[in-house]
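To start, the structure under review is shown below, and the notes come after it.
The values are calculated or read from the model by the stated rules, or taken from the named source; none is laboratory data. No experiment lies behind these values; they were computed from the predicted model shown. Reconstructed Cβ throughout: ideal geometry from the backbone, glycine too, with neighbour counts over all protein chains shown. SASA here: full protein model, heavy atoms, side chains in, ligands and nucleic acids out. Shrake-Rupley method; radii C 1.70, N 1.55, O 1.52, S 1.80 Å.
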Amino acid sequence: MIKYVYIFALILSVCLSAVSCASSKQVENESEKKVENSAEVKTVDAGKKAEAPVYAESEEEYARSTVDVDVTREEFSSDKKEILRIISELSQIMEKSDYDSWLKYIEPESVQYWSNIVNLAKAARRLPVDPKKPLERPKLNNLQDYFKLVFVRSRKDRSVNEIRYISRDSVKAVQVEDDRDIVYYNFVRINKKWMISIPKS
């Protein structure tokens, strides 16, 4: 009887030892996997940090656009993208002669100034005379006339490709032609939104 008890105890001891070894190897494998995964995450993170932002504009354009204003490369790229987007939308609006939509892009001070009949009369004197009707001077009776006869005529189908900062919240949108800037739009930032500012006469 004692002999059987001794054999049983020996078998039990061997089984427990085997289970313990297997469990230990499993824990080791899981630890190794965690270390490997951790190393992979660090490698990916390190790769992301190493990537530098890519800008569509050259360093030369950035330099000439921000010569008098302290604007970061990222701010410049973001502002230019937004301003060119607005100009693209304005091009479609001018194509349709959509006065009501155009008004939404004009800053309030410009709307007020160019709604004044005295200021419209000054602008009308600078309009070209129709050769077929030389005695008839063009008239601007309201802001809608200014939109159709002045704003659209001077900007329709023009190509604007760069911006020039006057201040952080004031920008000129220009067409570069033979090393000279032709200004077609003036923008001001109001409540973080870029709007058209029409120069006063």
Unit charges at the beta carbon, dipole of the range 47-111: most positive-side option, Ala56, Pro108, Ser88: Ala56
Label-reachable residues, the range 126-165, where backbone N falls under 12 Å from a point 7 Å from Ser115's Cα toward its Cβ: 143-144
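I need the calculated FRET efficiency for the pair Glu60 and Asn191, taking r as the beta carbon distance and R₀ as 41 Å, to the nearest 0.05.
Taking R0 as 41 Å, the efficiency between Glu60 and Asn191 is 0.80.
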Computed FRET value (nearest 0.05) for Lys132 with Arg153, which takes r as the C-beta separation and R₀ as 22 Å: 0.80
Carbon/sulfur fraction of accessible area - the range 100-152, other protein chains in place, 1.4 Å, %: 54
